[in-house]
Structure formats: C-alpha cells, structure tokens
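J.: This is the structure, below, for whatever I ask next.
The values are calculated or read from the model by the stated rules, or taken from the named source; none is laboratory data. Small disclaimer: the values here were computed from a predicted structure and weren't measured. All Cβ positions, glycine included, derive from the backbone under ideal geometry; neighbour counts span all protein chains shown. Side chains included, ligands, DNA and RNA excluded: accessible areas come from the protein's heavy atoms. Shrake-Rupley method; radii C 1.70, N 1.55, O 1.52, S 1.80 Å.
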Number of protein chains: 2
Amino acid sequence: MAQVLSASCVVVGNEILSGKTRDSNAHHLARFLRTRGVDLQRIQVIPDVVELIGSVVAEESARSSVVFTSGGVGPTHDDVTYKGVARAFDLPVRRHHALAARMEDFYGPRLTAVRLRMADLPHPCELVHTDGMWVPVVLVRNVYVLPGIPSLFQSMLESLAPRLQGTPIRLQSIYTQQGESELAEHLEATLAAHAGVEIGSYPRMNDPDHRVRVTLESRDADLVTRATDWLLARLDPAKLVRVERD
Amino acid sequence: MAQVLSASCVVVGNEILSGKTRDSNAHHLARFLRTRGVDLQRIQVIPDVVELIGSVVAEESARSSVVFTSGGVGPTHDDVTYKGVARAFDLPVRRHHALAARMEDFYGPRLTAVRLRMADLPHPCELVHTDGMWVPVVLVRNVYVLPGIPSLFQSMLESLAPRLQGTPIRLQSIYTQQGESELAEHLEATLAAHAGVEIGSYPRMNDPDHRVRVTLESRDADLVTRATDWLLARLDPAKLVRVERD
C-alpha cells in the first residue's frame, strides 16, 4: 500500500531574508525527502521572532505529517527556535537534565551557563541522537528541530532516515529541442489519458543540450512508463535529445 | 526620513519542493532588496496549484508593501501563477490586447494559440517592460509576477529598481575566533545599550578563518558604528580576525 507522508520545512533566519546567507538546507531536505517518498508541501523562510516561529510552526504542524525546522538553536540571543516551537503548542520551556548531563560529559569544565541554555527545551520532547554529536534533533509532537549549520543539518537528517519511509515516487524525464508552446497540447493530452501522473515542463534559456525537460511522476511505476511512452509517440523524434527513466 | 518598505517572496514550483531544482531567485531577490533598503519579511515556496497560490498571495499581499512571485508564467498546463494571482484578489483573467500585439510583433507567424495564453492576465493589471523582451513583469495591486527562469527573473528585477527605494540598512561585521557561548553575554549587553540595532551571530564549523561572524545592522549609520565600537571594546583583541564596515 502506498504510504503518503507529507512534510513542511520552516527555515528560521534573518540572515537568509537579508541575503547575507544563501540557504542550502531546504534544498537538501527536499532531495532527502524525495528519495524517502515523502512529499514536501511547503517551505517557509521566516525571521528570528518567537511569536512568528510559533504561529508558522503551528500552521505547518497542522498541514503536514512532519515538520522540519532549520536554524536558531545556538546559545545567542537570536537563537529562539526552541522557544518558538514551545509557543506553537503552548508548552513550557524547561532544562532537559539528560541533555545537560550529556553536555557536561562533552564539555567538562568548559560547560558555561550560556552553553547550558541549549539544554532548555520545549517540554515534553523526544531527543534523537546522532553518533559523535552532543546536539540532538529535538522532536516536539510532529516537529523535528535541527540546527542551521549545513554540515550538522545534513548529518542529523541522516539519523532520522529510519523514521521516514513513504512510498518512493518514480520519475521519468524527456529532454527535447521542441519548445514549450509546441509541447503544451501533448502534455495536456497525456495528463488527460493518464489520471494520477504529474507532468512538469521546464524550459531552458540558451542551453545547447535541450530546450525543455518534461518530467513525468507517480508512485505507480507502470503508470509513469505508460504515460512516458504515450507522450514520446506524439513528440518529434528528430528533436528528441534523450529519455531518462529511474 | 527613513522609508521602510517591506516585501514577501512567493516561489511557485513543484520542481523546487521535489528537489529537482534548487531555487536561486529568492536569494537573488533577497540581495537585490537589501541593496535597495527593502525588508524581505518572508519567503514561501508552494506547489503549482491555483487555489494555494491565491491564498498565499492574498496573505503576503496583506503582510507586505510589495510581493514578488517567481515561476509559473509559461504556456503549459503547470503554469498557473496568473490564475492564482487573479484568484487572490477575485479578479477575472482576460486576454491583454496590448501584450498580444507585442507578442505578434515578436513572433510573427510563429504566434500560436498556445503561446497566446501567456497574454491572459489578471484584469486589471499594469505591465512593466524590460528592454529586448516581450515578456513583461505583470503588476497586480502590490504583486509583481515574474518568470522562474533565473536569467529572466534577474533582468526583469533590474527594470523594477526605480520603483523600489527604501532607506538602505547599514551593516558592520566582526569576525572572531571567540566562540558563541563566550560572545553571548556581550551581544546581549550591546543590544541593551543600543536600542534599534539588530545583532546576528553566525558560527562556522571548521572554518580556519573565523569561528563566529557577528553582524550589526540598522538604518541609522551612527548607531551601528557606536554599537560596533562598544562591542569591540568588550571582545578579546587577540582573537579578533577583522572588522568590516560598509
């Protein structure tokens, strides 16, 4: 049976909205979820403001099976994601003693009061640990809270893989030198004849390889193959560049 | 007088949510707006679905002075942004005859019925033209509708520059080898003593150059300079890497 899990991504970061930093975590998450068959429904990038994080996380938690947040979990004043997630569900923020103990093992005498703030978490929550790191993924209801530093974000996402398994989507792509306006009616006919397949059309400017990439997708592998074959029969073979089937 | 314009970005694209493509337009827009003194408040990435585009654009139009959409304006079935923006404001979609005439000049006999769909726009709207292109930026109330192809998006954004002029934000950065937990209390003290300045703290993993970049920002240039000097006096000079002042 096809299990369809949906997800939302909330990126917390003034530095992304101001253009100082280009986010890479949302794209990494999109690719990760794709391979696990989880549908990413929305990405939101919002400022480091507790009330805003609270309202957006609450909204996305209701919309999707799971939510991933990125950023705002360090020890400085602009790290307010734990508070925001607590606000989303009207939960208190409390010192998590097991995490504080883990930090003590890691830092020893270098464990300052400021660092310990990172053990003040929404209560209740579950911690998911990654080998070799003291920083956990904090799970509050259906919300996974991850740090914004890309190398940490990526390692910690891998630790979550066993918990996230939907039915993968099959993708086939047709690359062609035909333009979008020549293709449009054939794409519509293909859609009409193959209920349940999704078709995307991505034009390129000045790319010598191809003018348009057409993607056909579904969780039903046979359906995608039938739709791709059906569409190929209607395209100009002289302008076909290649077909990719996963 | 400081004029504060705010903005939202709505990226329409299944291909970004599925990880097939990495969006670059939101980051480009963030940098562009930053140089013009316009505050980007939110970025949302949403699927190619008319009703969703309608509700998100309506929400962002109410939140911000201006909204920019990216993607979904070509001739194929998945290009539904004009319809979505019309839906946001309960407007009809109508053939725009001046644009159709412009397309006729450009395409001549190659102007097909499918291509002409790109002249079906929310009514009323204003067109902003870019030299050398027939595709306009379509302005509906406070919403600028732009194509997703990055080279087009970027050129067309330049055409909008004269319309977007807020008071620029001044940024100064301190790069240091001190860690965030050592810095936290000094950042808080600096904030408390300099109302109106924004301070960000961005740690790096394994970067030989610096451990943390601290940013100080405000539309008041003197205030930023005072805050930066005040903070510098409290940091460890032996661990200071450099200071950048714009």
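J.: Looking at (1) facing chain A (nearest Cβ under 9 Å); (2) in a helix (DSSP H, G or I); (3) not acidic (Asp, Glu), find the lone condition where B:Gly74 falls short.
T.: (2) is the only condition that B:Gly74 fails.
J.: If you check B:Phe106 against the conditions, is it more than 10 Å from chain A (Cβ to nearest Cβ), over 19 Å from A:Glu60 (Cα atoms) and surrounded by 24 or more Cβ atoms within 10 Å (Cβ to Cβ)?
T.: no
J.: Let me ask something else. Limited to region A:189-208, what total is found for residues that are in contact with a strand residue (DSSP E or B) (Cβ under 9 Å, 6 or more places away or on another chain), among the charged types (D, E, K, R) and open to solvent by less than 60 Å² (accessible area, probe 1.4 Å)?
T.: Just the residues of region A:189-208 that are in contact with a strand residue (DSSP E or B) (Cβ under 9 Å, 6 or more places away or on another chain), to begin with: A:190-191, A:194, A:196-204.
Applying the additional criterion that residues be among the charged types (D, E, K, R) yields A:198, A:204.
Add one more test, that the residue is open to solvent by less than 60 Å² (accessible area, probe 1.4 Å), and what stays is none.
Residues meeting the conditions: 0.
J.: Does A:Gln165 qualify as being more than 14 Å from chain B (Cβ to nearest Cβ), in a loop (DSSP other than H, G, I, E, B) and either over 30 Å from A:Val85 (Cβ atoms) or not hydrophobic (A, V, I, L, M, F, W, C) (or both)?
T.: Working: more than 14 Å from chain B (Cβ to nearest Cβ): yes; in a loop (DSSP other than H, G, I, E, B): yes; either over 30 Å from A:Val85 (Cβ atoms) or not hydrophobic (A, V, I, L, M, F, W, C) (or both): yes.
Yes; evaluated as a whole, the condition is true for this residue.
J.: A further question on this structure: Scanning region B:162-181 for residues that are free of Cβ contacts under 8 Å to residues at least 40 places away in the same chain and buried (at least 16 other Cβ atoms within 10 Å of the Cβ), which turns out nearest to B:Val241 (Cα to Cα)?
T.: To start, the set of residues in region B:162-181 that are free of Cβ contacts under 8 Å to residues at least 40 places away in the same chain comprises B:162-163, B:179-181.
Within this subset, residues satisfying the condition of being buried (at least 16 other Cβ atoms within 10 Å of the Cβ) are B:179-181.
Numbers: B:Gly179: 13, B:Glu180: 15, B:Ser181: 17 Å.
If we take residues in region B:162-181 being free of Cβ contacts under 8 Å to residues at least 40 places away in the same chain and buried (at least 16 other Cβ atoms within 10 Å of the Cβ), then B:Gly179 is nearest to B:Val241 (Cα to Cα).
J.: Would you check if A:Leu29 is farther than 13 Å from A:Val10 by Cα, open to solvent by less than 20 Å² (accessible area, probe 1.4 Å) and in a helix (DSSP H, G or I)?
T.: Details: farther than 13 Å from A:Val10 by Cα: no; open to solvent by less than 20 Å² (accessible area, probe 1.4 Å): yes; in a helix (DSSP H, G or I): yes.
Against the criterion (farther than 13 Å from A:Val10 by Cα, open to solvent by less than 20 Å² (accessible area, probe 1.4 Å) and in a helix (DSSP H, G or I)), A:Leu29 does not qualify.
J.: Can you tell me which residue in region B:39-68 is surrounded by the fewest Cβ atoms within 10 Å (Cβ to Cβ), limited to those that are within 11 Å of chain A (Cβ to nearest Cβ) and farther than 19 Å from A:Ser8 by Cβ?
T.: B:Asp39
J.: Scan region B:106-131 residue by residue and report those that are under 21 Å from B:Thr76 (Cα atoms) and hydroxyl-bearing (Ser, Thr, Tyr).
T.: Result: B:Tyr107, B:Thr112.
J.: How many residues, within region B:27-38, are in contact with a Pro (Cβ under 9 Å, 6 or more places away or on another chain) and more than 7 Å from chain A (Cβ to nearest Cβ)?
T.: So the answer is 4.
J.: Of the conditions (1) within 14 Å of another protein chain (Cβ to nearest Cβ); (2) open to solvent by 10 Å² or more (accessible area, probe 1.4 Å), B:Arg242 satisfies every one except a single condition; which number is it?
T.: Condition not satisfied by B:Arg242: (1).
J.: Those residues that are more than 10 Å from every other protein chain (Cβ to nearest Cβ) and either open to solvent by 20 Å² or more (accessible area, probe 1.4 Å) or part of a loop (DSSP other than H, G, I, E, B) (or both), I need them from region A:7-26; list them, please.
T.: none
J.: If we scan region A:217-233, do we find a residue that is touching a Leu at 6+ places or on another chain (Cβ under 9 Å) and open to solvent by 60 Å² or more (accessible area, probe 1.4 Å)?
T.: There is no residue in region A:217-233 that is touching a Leu at 6+ places or on another chain (Cβ under 9 Å) and open to solvent by 60 Å² or more (accessible area, probe 1.4 Å).
J.: Then there's this: Being assigned by TED's automatic domain parsing to the domain that holds B:Leu157 and out of contact with any strand residue (DSSP E or B) (no Cβ under 7 Å at 6 or more places or on another chain): is that true of B:Ala58 here?
T.: Criteria met by B:Ala58.
J.: Shifting gears a bit: Return the only residue of A:Glu51, A:Glu59 being part of a helix (DSSP H, G or I), charged (D, E, K, R) and without any contact (Cβ under 8 Å) to a residue 24 or more places away in the chain. Quick ask: steps written out before the conclusion?
T.: Working: A:Glu51 fails: without any contact (Cβ under 8 Å) to a residue 24 or more places away in the chain.
Going through A:Glu51, A:Glu59 in turn, the sole match is A:Glu59.
J.: For region A:72-99, what are the residues that are farther than 21 Å from A:Tyr144 by Cβ and open to solvent by less than 40 Å² (accessible area, probe 1.4 Å)?
T.: Result: A:Thr76, single match.
J.: Just give me the residues in region B:168-198 being assigned to a strand (DSSP E or B) and at pLDDT below 95, in sequence order.
T.: B:Arg170, B:Leu171, B:Glu198
J.: Shifting gears a bit: Which residues, taken from region A:84-133, are of a type outside the set (A, V, I, L, M) and touching a strand residue (DSSP E or B) at 6+ places or on another chain (Cβ under 6 Å)?
T.: Going through region A:84-133, the residues of a type outside the set (A, V, I, L, M) turn out to be A:84, A:87, A:89-90, A:92, A:94-97, A:102, A:104-110, A:112, A:115, A:117, A:120, A:122-126, A:129-132.
Within region A:84-133, A:Arg95, A:His96, A:Asp120, A:Pro122, A:His123, A:Cys125, A:Glu126 meet the criteria.
J.: Based on this model, can you work out whether B:Pro150 counts as open to solvent by 20 Å² or more (accessible area, probe 1.4 Å) and assigned by TED's automatic domain parsing to the domain that holds B:Asp105?
T.: Taking the combined requirement at face value, the residue satisfies it.
J.: Looking for whichever is touching a residue at least 40 places away in the same chain (Cβ under 8 Å), touching a helix residue (DSSP H, G or I) at 6+ places or on another chain (Cβ under 7 Å) and assigned to a loop (DSSP other than H, G, I, E, B) here; the options are B:Val135, B:Val145. Which one fits?
T.: Numbers: B:Val145 fails: assigned to a loop (DSSP other than H, G, I, E, B).
Answer to the selection: B:Val135.
J.: Continuing with the same structure: Within region B:110-125, identify whether any single residue is open to solvent by 20 Å² or more (accessible area, probe 1.4 Å), without any contact (Cβ under 8 Å) to a residue 24 or more places away in the chain, among the hydroxyl-bearing types (Ser, Thr, Tyr) and touching a helix residue (DSSP H, G or I) at 6+ places or on another chain (Cβ under 8 Å), and answer yes or no.
T.: Looking for residues that are open to solvent by 20 Å² or more (accessible area, probe 1.4 Å), without any contact (Cβ under 8 Å) to a residue 24 or more places away in the chain, among the hydroxyl-bearing types (Ser, Thr, Tyr) and touching a helix residue (DSSP H, G or I) at 6+ places or on another chain (Cβ under 8 Å), one finds at least one in region B:110-125, hence yes.
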